[in-house]
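For reference, the structure is listed below as C-alpha cells.
The values are calculated or read from the model by the stated rules, or taken from the named source; none is laboratory data. No experiment lies behind these values; they were computed from the predicted model shown. FYI the Cβ positions are ideal-geometry reconstructions off the backbone, even for glycines, and counts take in every protein chain you see. Accessible surface is based on the protein model in full, side chains and every heavy atom, while ligands, DNA and RNA are left aside. Shrake-Rupley method; radii C 1.70, N 1.55, O 1.52, S 1.80 Å.
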Amino acid sequence: MDEKLKETEELFLTNYFTSNDKKLFQGSHMVFYEDDITNRLVDPETNENISQIEFNEKIKLEVSKFMNEPFENVVVLAGAGASVVSNDTGIDSDFGKTVAMIAEDIAGKLNVEDDLFSLQELAFMSNYKEAVFCEECGQFNNKFDLEEFLSNLLTFEQFVDKKDEDKLISSKNKIFDCIIENTNYGYDNEKMRHAALLKVLSKRVKDSNKLTVVTTNYDTLFEEASEYLGFTVIDGFTFSYNPYFDSDIFEWNLVKSIPHKKTNELEYKKNIINLLKIHGSLTWEYSEYETRINRKDKLEVKTPIMIFPSSNKYMQSYENPYFELFSKFQELLRRPNTLLVTTGFSFADNHIAKMVIQALKHNTGLTVLVSDYDIQQNHQNWKDLDGLRREHFRIAFLKASLNDKLDEYLK
C-alpha cells in the first residue's frame, strides 16, 4: 500500500477491538485489518477480503482469548447507553435516550408553558454560556451540556430574586419531571438484549457467587429482563411485604441443605444477580416520615429517589443509600480474580471513572472489558484507561453496545 493510499485509508478506520496484543479495525469498502493497516485480513485460500461475518467471528475469538480464565467474580457496569436501542433511522425514542435528546425534550416542554422559564432564560439567569439553539440552523445545540447547566442552575437557585423564586422552582421541577418521564420505559425482549447478557455472564459465575450488575440508570430494564428469565434479583431491599433498603442483603445467598448420612451439604440457588442502582431508581421512594427507603411498583411512586445529572451528584453519592452502594461497588473492584464488563458507560462521569482507574492500578487481579458503540473517544478518562492498556494492565476495548452484538461476542 503506497503512502498516499495509506493516509487516505487511515481516515476511514474504525476500531472494533483493542487489547494489549491485538487490534482489529475496519477500513473503507468493508476491508478489515489486524494490528496494522498493512495487514489486511483475507481468506488464505482465495486472498479475497474476509466478510463481515468472518470479521465478527474474529472479534469473538479475540474477546474469548482476553477473557479465557475462570473468574471468581463477574461485574457489569451499565451506563446510559445500555438502555439505548438503535433502528434504521437512528435511536428508537420509545426506549433509552441520550442526554442530548432529553435536553432537547426539556427545551420544547419549557417553551410551551407561559408560567415557566424557557431553557434559554434559565441558562442566561444561571450564567450558563452555551446557547440552547443553534442560531445558524435553528436546531437544538448538541453542545448544550445538561449536567453542566443543571449544576449552574442549582447553584443559582440559592441567589434568585424573590419575585422569580416560585417560577424558577416550578421550572426546575418541570426539568426533573421530564428526566423521569424520559427514563421511564418497559423492557422489550425483541429489541433489547439485557436478558441475553445476563444469561451469558451468569454462566461464568461460580455457584457460591452472584453476577453483579451495577448501573447508573434509573429504569427497570435489568429487573424486567431478570423476571423474563426467571432470575432472582437481590437489589439491597428486604423480602418483606413492603421492601425497604438494607445493604446487608447483598451479602446473603439463597441456599438449601442436602442431608446426607455423614455431612450436610448446601446447594446454592442458581440464577441470582446482585443489582446496584448507584444513581437511584424509578421504584424507590422515602417512607412517610423518611425513616426508610421503600421499593414500590414504579406506577405507585410519586417522588422517586434519584441522583439527577449535575455536579451535586458527587456530594449526593455520600448520602444514604448511595454511599452503601458505591462502597459495595468499590469493594467488588478490589476483589481478586474479578472481571468487569462495562457497557454504554462513556467514563465521562469522573467519580465512577476514577474508581475503575484506581482499581486497575492497585488490583492486579482485575480484568476490564470496556464495550461501547464508540471506542475511539477523546476525553481524559478514556485516554487514561488506554494509557493503562499500553502499560499492559488487563484492559481491552470492544466496539459493541448492549442491545447490538455484545452478548454474541461474549458467548
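Based on the Stokes-Einstein relation at 10 °C and a viscosity of 1.306 mPa s, and on the Kirkwood radius from alpha carbon pairs, segment 7-100 is assigned a translational diffusion coefficient of 99 µm²/s. Under 17 Å of direct C-alpha separation, and excluding same-chain neighbours fewer than eight residues apart, LYS167 reaches these lysines: LYS109. Report the calculated FRET efficiency for GLN330 and ASP207 (r = Cβ-Cβ distance, R0 = 25 Å), to the nearest 0.05. It comes out at approximately 0.50.
Suppose each label sits 7 Å from its Cα in the direction of the beta carbon; what would the ASN87-LEU266 distance come out to in nanometres? Distance between label points: 4.8 nm.
Modelled spin labels at ASP177 and GLU157, positioned 7 Å past Cα toward Cβ, are 1.5 nm from each other.
Quick one: if the Förster radius is 35 Å, what FRET efficiency do ASN15 and THR364 give, using the C-beta to C-beta distance and rounding to 0.05? Before the final figure, lay out each step's value.
Values: r = 26 Å, r/R0 = 0.75.
After rounding, the FRET efficiency stands at 0.85.
With the largest listed first and rounded to whole Å, the semi-axes of the equivalent ellipsoid of segment 313-411 from the Cα gyration tensor are 22, 16, 15. Applied to segment 178-192, the Karplus parametrisation 6.51 cos²θ - 1.76 cosθ + 1.60 on θ = phi - 60° returns per-residue 3J(HN,Hα) values of 5, 5, 4, 4, 7, 10, 10, 8, x, 7, 10, 5, 6, 10, 10 Hz, with x for Gly and Pro. Computed over protein heavy atoms with a 1.4 Å probe, the carbon and sulfur contribution to the accessible area of the chain reaches 47%. Work through the residues other than GLU130 whose Cβ is under 9 Å from its Cβ and net out their charges, Lys, Arg +1 and Asp, Glu -1. The answer is 0.
Per residue, how big is the convex hull of the chain when only Cα atoms are used? Give it in Å³.
On the way: hull volume 78.6 nm³, N = 411.
Cα convex hull per residue, to the nearest whole number: 191 Å³.
The string of couplings for segment 61-75 from the Karplus curve (6.51, -1.76, 1.60, θ = phi - 60°) is 5, 5, 4, 4, 5, 5, 9, 7, 7, x, 8, 6, 9, 10, 10 Hz, one whole number per residue in order, with x for Gly and Pro.
For PHE95, the shell of other residues with beta-carbons less than 11 Å away shows a net charge of -2, using +1 for Lys and Arg and -1 for Asp and Glu.
Residue by residue, segment 13-19 carries 3J(HN,Hα) couplings of 6, 10, 7, 10, 7, 9, 10 Hz when phi is fed to the Karplus relation 6.51 cos²θ - 1.76 cosθ + 1.60 (θ = phi - 60°); x denotes Gly or Pro. Spatially, segment 78-94 and segment 212-248 are offset by 22 Å when compared through their Cα centroids. Calculated accessible area for segment 40-186 comes out at 55 Å² per residue, all protein chains present (probe 1.4 Å; ligands, DNA, RNA ignored). For the residue pairs LYS22/LYS411; LYS277/LYS361; LYS172/LYS354; LYS60/LYS296, the alpha carbons lie more than 28 Å apart in LYS172/LYS354; LYS60/LYS296.
In a DSSP loop and with at most 13 other Cβ atoms within 10 Å, the GluC sites (Glu not before Pro) in segment 177-286 are GLU190. Annotation: amide H of PHE32 within the under-5 Å range of GLY27, LEU41, ILE50, sequence separation 5 or more or interchain, hydrogens built in the peptide plane. Taking amide hydrogens as placed 1.01 Å from N in the peptide plane, the amide H of LEU77 sits under 5 Å from those of VAL214, VAL341, THR342, THR343, each at least 5 positions away in sequence or on another chain.
Would you kindly state the longest site-free stretch of the chain, with sites defined as chymotrypsin sites (Phe, Trp or Tyr not before Pro) in a DSSP loop (not H, G, I, E, B) surrounded by at most 13 other Cβ atoms within 10 Å? Walk me through the numbers before you get to the answer.
Values: sites that count: PHE12, PHE239, TYR241, TRP252, TYR289, TYR318.
Longest gap between qualifying sites, sites excluded: 13-238.
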